[in-house]
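A short write-up of the structure that comes next.
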Amino acid sequence: MSIRAALAEAARQLEAVSDTPRLDAELLMAHALGTTRDRLLLGRLDDPAPETFAAFVARRLSHEPIAYITGTRAFWTIDLTVGPGVLIPRPDSETLIETALAWFGDRAPSRILDLGTGPGTLLLAALAEWPQAQGLGIDASTTALDYARRNAEALGMADRTEFRLGDWTAGIEGRFDLILANPPYIGTDEPLPPQVLDHEPAEALFAGADGLDDYRRIVPALPALLAPRGVALLEIGWTQGDAVSLLGQEQGLSSSVYKDMGGRPRVVRLN
């Protein structure tokens, strides 16, 4: 079977599990070929389909995320290695980097802290924007930290990063110009699609009945960690802007809420 025909058949099958079946099929085919999607579409459609493609499609049909199958995920301006045990970077999280760039303008942060760094997503994206900055990433998962260190090495940032096993802000010393965090914010009874619920780590998703448990631990520590003119940017679920802003105001911090590309509240700024 040609690649063209295999893609058509796979897209038809993937309609049952994906909102983007054709894109999924193309990404899996490019992975099977060891090439990029652009090169696949521009010059390989009449080649024979590789034998490995069917196995990748079968994994996707079981709701396994594309990023786990291909082992990579693009985020902001960087590509990250990801896999089981780490939260997959989402486009919505890029709102934190956009907000940080707007906040600092012509200035640049010197020290950046990423709480719940996962595979290094926010920290490494921020360091790519500010080449003179240094960063500290904290996570409770040794698996996530292993991915983060490998990503920092691959991106040439190993000398500007430290990744440390930790429990949010516990034991962190010093002050930071920019604090980033994408903590778990899903309520324990909230429904999730199978590709998330059955595959991504629950500890990176759920945070108590109202999804606010981790904000209640993080926000009180922020005043002692923020440098003068520093800012903390926290990703939120779209209904949580008021609640997280109030947590900051109770600590004497000013707050503002920023929307993502879909027009939904996504980031709370505290400073």
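Restricting the range 49-146 to GluC sites (Glu not before Pro) that sit in a DSSP loop and have at most 10 other Cβ atoms within 10 Å of their own Cβ leaves Glu51. Farthest towards the positive end of the charge dipole of the chain, among the residues Trp103, Ser256, Leu115, is the Cα of Trp103, using unit charges on the Cβ of Lys, Arg, Asp and Glu.
When the solvent-accessible surface of protein heavy atoms is calculated with a 1.4 angstrom probe, in what order do Trp168, Trp76 fall, highest first? Display every interim value, and only then the final one.
On the way: Trp168 40, Trp76 70 Å².
Largest accessible area first, the list is Trp76, Trp168.
The angle separating the long axis of helix 21-33 from the principal Cα axis of greatest extent in the chain is about 80 degrees. Taking the Cα centre of the range 44-123 as reference, the dipole from Cβ charges on Lys and Arg (+1) and Asp and Glu (-1) amounts to some 220 debye. Helix 3-14 axis versus longest C-alpha principal axis of the chain: approximately 60°, rounded to the nearest ten.
Measure off, as a whole percent, the carbon and sulfur share of the 1.4 Å-probe accessible area of the chain, all protein chains present. Using a 1.4 Å probe with all protein chains present, the chain comes out at 51 percent carbon and sulfur. Counting only protein chain heavy atoms and rolling a 1.4 Å probe, the accessible areas of Leu101, Leu226 rank, largest first, as Leu101, Leu226. Pairwise inverse Cα distances across the range 61-171, averaged and inverted, put the Kirkwood hydrodynamic radius at 14.2 Å.
Could you tell me what a quarter of the Cα convex hull surface of the chain works out to, in nm² with one decimal place? Kindly include the intermediate steps, with their values, before the conclusion.
Working: hull surface 58.8 nm².
In nm², the orientation-averaged hull projection of the chain is 14.7.
Placing +1 on the Cβ of every Lys and Arg and -1 on the Cβ of every Asp and Glu, with no other charges, gives the range 109-262 a dipole of roughly 600 debye about its Cα centre.
Are there trypsin sites (Lys or Arg not before Pro) in the range 127-203 that DSSP puts in a loop and that have at most 12 other Cβ atoms within 10 Å, and which ones? Provide the component values of the computation, followed by the final result.
Working: sites: Arg149, Arg150, Arg160, Arg164, Arg175; in loops: Arg175.
Passing both the DSSP loop test and the Cβ count: no residue.
By its C-alpha gyration tensor, with a ≥ b ≥ c as the square roots of the eigenvalues, how is the range 14-79 shaped: rounded for a/c under 1.5, else prolate for a/b larger than b/c, else oblate? Cα axes put the range 14-79 in the oblate bin. When the GluC sites (Glu not before Pro) in the range 177-271 are filtered for DSSP coil states and for at most 14 other beta-carbon atoms within 10 Å of their beta-carbon, the remaining sites are Glu250. Using only side-chain charges placed at the Cβ, +1 for Lys and Arg and -1 for Asp and Glu, the dipole size of the chain relative to its Cα centre rounds to 520 debye. Remark: the chain carries 46 Å² of accessible area per residue (probe radius 1.4 Å; ligands, DNA and RNA excluded). Annotation: the antiparallel percentage among DSSP beta bridges lying fully within the chain is about 40.
Given the -39500 (n - 2.57) contribution per DSSP H run of 4+ residues, what per-residue ellipticity at 222 nm results for the chain, rounded to the nearest 500 deg cm²/dmol?
Details: 12 runs with 103 residues, N = 271.
That calculation yields -10500 deg cm²/dmol at 222 nm.
Taking the square root of 5 times each eigenvalue of the Cα gyration tensor, what semi-axes in Å does the equivalent ellipsoid of the range 137-222 have, largest first?
On the way: eigenvalues 127, 72, 18 Å².
Each semi-axis is √(5λ); the values are 25, 19, 9 Å.
The values are calculated or read from the model by the stated rules, or taken from the named source; none is laboratory data. Model, not experiment: these values are computed from the prediction. Cβ atoms come from the backbone with ideal geometry, glycine included; neighbour counts cover every protein chain shown. Only protein heavy atoms, including side chains, enter the accessible area calculation; ligands, DNA and RNA are left aside. Shrake-Rupley method; radii C 1.70, N 1.55, O 1.52, S 1.80 Å.
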